[in-house]
Amino acid sequence: MAAVLRAPSLAERRFEAVGFGGSLSPARMIRRGQLRSRSDRSSRGRMGTVRCFSSSSSSSAGSSGAVSPMEFLEEEDLGHVIRFEMSDFKMLDRVSAGLGGRGDEVVFEAVVDDETSPLYNTRVVLRRLTSTQAQRRGKRAIEVLKKLVRRRLMYHSYSMQVHGYVSSQTSSGDASFTLVHGYHGSFSLRHWLNQSDWLPTLEATLALDEESVRRVGDDTVGGPTVSRKLRIIRVLMRDLLIGVNYLHSHGLAHTELRLENVHISPVDRHIKVGILGNAADFYEDGQNNTTLDNNMDRRRMMIGFDMRCLGFMMAKMVLRELMDPLIFSKFKTFLVKGHDPSCLREFMLQTLNRSSSSGNVGLQMLDRNWGAGWNLLSSLLATKPSKRMSCLDALRHPFLCGPRWRITPSMDIIRWGLGSTAVRIIEEYIYSRPQRNRISYFIELMEMLNPNSKPKNWFELLPGKWRLIYCTGRHVGLTLRQPPARVLIGNVSLTVSKLSKQSRDLSFTSSVDFTVMTGQDWPHDKTGVDGQLQVNSPFKLMSGKRLYLKGEKNTTSGRFSFGESTDMDSLAPKLLAGRWRKALPFKEFPSSLRVAKLASGENVDITMTFDDGEKGRGNVVQARDALREVRIQLPPEMFDLSRIVCGTFVDARHLVLRGVNGSALLFARSCLDQ
């Protein structure tokens, strides 16, 4: 499968006689040995180490004699690996493309030719490390091995096996160090995914048999492309998570999780997470009382870094467009700027120039199971390392569990699914009565499950730009009317900003982009004159309640509600029936729910811009007709902000506001300027 590099000639095969570009002088060896010994004292008894020391005592201080490579390594620390000689190998004439290393590594493939070796006739990889940093990585891989072999089965299943090393002296007197590790296929995972026929090839390599069914909970074979790719990604991600959790349970962080460093073994059909040359310890200074807090912070940070890398790998596997460096750089920049990863769906739809997930296999995979894929991706890529999901929690996530596994979703995933499903129904843009009823039903459920009912939570989550995606009130279009001005409504957004850090005063700015279509063929030609309407109003945030009334008995009650009063008799049977009964946090329908009361101020600013060039100056009639049509098509709460009386749901993605007439406005957080 493979091969991009020609092997060396017979004379070149004895590469132990070639000088290293980054060789070590005796003085530098002494310094490195002293530094290593300090860390060894702090971690003695926890893991084996690879230490370096100077030449023998018989050598004088001023001698410039070469140091034998054996003096780099202590035999007591290397009993768990084999020291090879170059004569033990038969070099192959090809090198697989997926084994390409760094600039300070030279990679060869070989077969063990020593009949007395337990690895006789085994194909291995010789990785010659030509710089000081590269040699440090190789010795660290051997050092980590001693810590991991306590659970040998897990190590052989999920790590690239390190068999031993070749340490010798070159003709120029420099030290040579070559790492000998297992050969686990010709391609890295990145090379696999770049193949045009990667899906059937990986299906054949992984052999989705009963064992795979047990591992992913999916016993189906074939099916649509979306189902087949989702099945493969579940196998790959679960193997990756098990392997990384194996490292984390031993106090190690991988720190170099990339598609290029991961290989799939065709023998045991497991993913190998690399040779662990850069694996870092969680507890560098030991677990004593003085450093316990620092070590816990270090552990959380390292686990969070690995989980973020896994999130990037999952994103590339699902969304193949991210294999393009330009698109991936935009994706990464979006996260680096501090945007909430829960808004990734809207960002990717805009980046890929799509209005919905239809036609894109990756987006459809993430949208399945109530948007569970987006939830997992946002949890892996959370801004704060402490908020990122652990390996064990990710293995229990509905996105990675097949249909044969009955997973009880958490309340957060239920809320996520309600919002995601409502958005997908809205994107279909076929608002028949059953769909409108279903969207209203989901909005009511979201309000019942609102996790942020206190005003202080609203004051933290509410500021930002929100895009209006649906209103449960009356919808007025252009089809059955003959208005004086044909107006096409564009983006409708609500921007909330804090007036001060101390008080709870907020500023609401409603912005409406529209186009006045001037042509007669407006159903097909949407070009025209652009305009924008902005309404700004101050608000004060307070605590309130939304009452659920029983028929007409409580309509004249003296209790005051800061929001909408809803008929309990018609709503309770819908929300407390069927599968949602277990999801709701109460057994009986409540008489009221806590909401955030929004009291508008008196100062309201209305601004309208009408971009019609020179010919549009002074055309007051056209502007007046356009404004009237905009008000007809808009929900009245977006033009008259004082009609917004309370907020009933808010999280990182969605916002629900209720108007004085009882209609609900559903918003989605917008992380990008339109």
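Each reported figure results from applying straightforward, stated rules to the coordinates on display, with no laboratory input. Because the structure is predicted, anything quoted here is derived from the model rather than measured. Please note: Cβ atoms are built from the backbone with ideal geometry, for glycine as well, and neighbour counts cover all protein chains shown.
Could you rank the peptides 343-353, 185-195 by their average count of other C-beta atoms within 10 Å per residue, with the highest value first?
Ranking the peptides 343-353, 185-195 by packing returns 185-195, 343-353.
Simple spin-label model, 7 Å along Cα-to-Cβ: N661 to Q502 in nm?
About 4.1 nm separates the two model spin labels.
Under the 0.36 nm per residue contour assumption, what length would be gained going from the current alpha-carbon distance of N491 and L153 to full extension? The partial results should precede the final answer.
Working: separation 338, 0.36 × 338 = 121.68 nm, distance 5.65 nm.
Working it through step by step, the gained length comes to 116.0 nm.
Can you work out the FRET efficiency for the pair R631 and A652, with r the C-beta to C-beta distance and R0 = 35 Å, to the nearest 0.05?
0.65
Could you give the length gained by full extension between K526 and Q482, i.e. 0.36 nm per residue of separation minus their alpha carbon distance, to one decimal place? All intermediate terms of the calculation are to be shown ahead of the outcome.
Numbers: separation 44, 0.36 × 44 = 15.84 nm, distance 1.64 nm.
Stretched out fully, the K526 to Q482 stretch lengthens by 14.2 nm.
Shape of the stretch 91-193 from its Cα gyration tensor (a ≥ b ≥ c, root eigenvalues): rounded if a/c is under 1.5, otherwise prolate when a/b > b/c, or oblate?
rounded
Can you pick out the pairs among K229/K526; K229/K332; K316/K384 whose Cα atoms lie more than 30 Å from each other?
Distance filter (> 30 Å) returns K229/K526.
Output wanted: per-residue J couplings in Hz (rounded whole) for the stretch 540-546, from phi through Karplus 6.51 cos²θ - 1.76 cosθ + 1.60, θ = phi - 60°, x for Gly and Pro.
With coefficients 6.51, -1.76 and 1.60, one gets 10, 9, 9, 8, x, 9, 10 Hz.
Once you order the gyration tensor axes a ≥ b ≥ c over the Cα atoms, which shape class does the stretch 347-421 get: rounded for a/c under 1.5, otherwise prolate or oblate by comparing a/b with b/c? Write down the numbers at each step before the final one.
Details: a/c = 1.93, a/b = 1.33, b/c = 1.46.
It comes out oblate by the Cα gyration axes.
For the residue pair D412 and D268, what label-to-label distance in nm results when each label sits 7 Å from Cα along the Cα-to-beta-carbon direction?
Taking the two extended label points, one gets 3.3 nm.
Could you tell me which of rounded, prolate or oblate describes the stretch 427-504, using a ≥ b ≥ c as the square roots of the eigenvalues of the alpha-carbon gyration tensor, with rounded for a/c under 1.5 and, failing that, prolate when a/b is larger than b/c and oblate otherwise?
Note, shape of the stretch 427-504 comes out oblate.
With a Förster radius of 41 Å, plug the Cβ-Cβ distance of V336 and N437 into 1/(1 + (r/R0)^6) and report the FRET value to the nearest 0.05.
Calculated value: 0.45.
Quick one: if the Förster radius is 35 Å, what FRET efficiency do T132 and K387 give, using the C-beta to C-beta distance and rounding to 0.05?
Numbers: r = 38 Å, r/R0 = 1.07.
The pair T132/K387 has a calculated efficiency of 0.40.
Treat each spin label as a single point 7 Å out from the Cα along the C-beta direction, and report the R424 to S249 distance in nm.
That separation, rounded to one decimal, is 3.4 nm.
Using per-residue counts of other Cβ atoms within 10 Å, averaged over each peptide, order 389-401, 124-136 from highest down.
Working: 389-401: 19.2, 124-136: 20.9.
Highest mean packing first, the order is 124-136, 389-401.
Want the number for S642 to T122: 0.36 nm per residue separation, take away the alpha-carbon distance, what's left? Please report the intermediate quantities before stating the final value.
On the way: separation 520, 0.36 × 520 = 187.20 nm, distance 7.72 nm.
Extra length available between S642 and T122 comes to 179.5 nm.
Please list the non-local residues whose amide H lies under 5 Å from the amide H of R486, H modeled 1.01 Å from N, same-chain partners needing a gap of 5 or more.
Long-range HN contacts for R486: M517.
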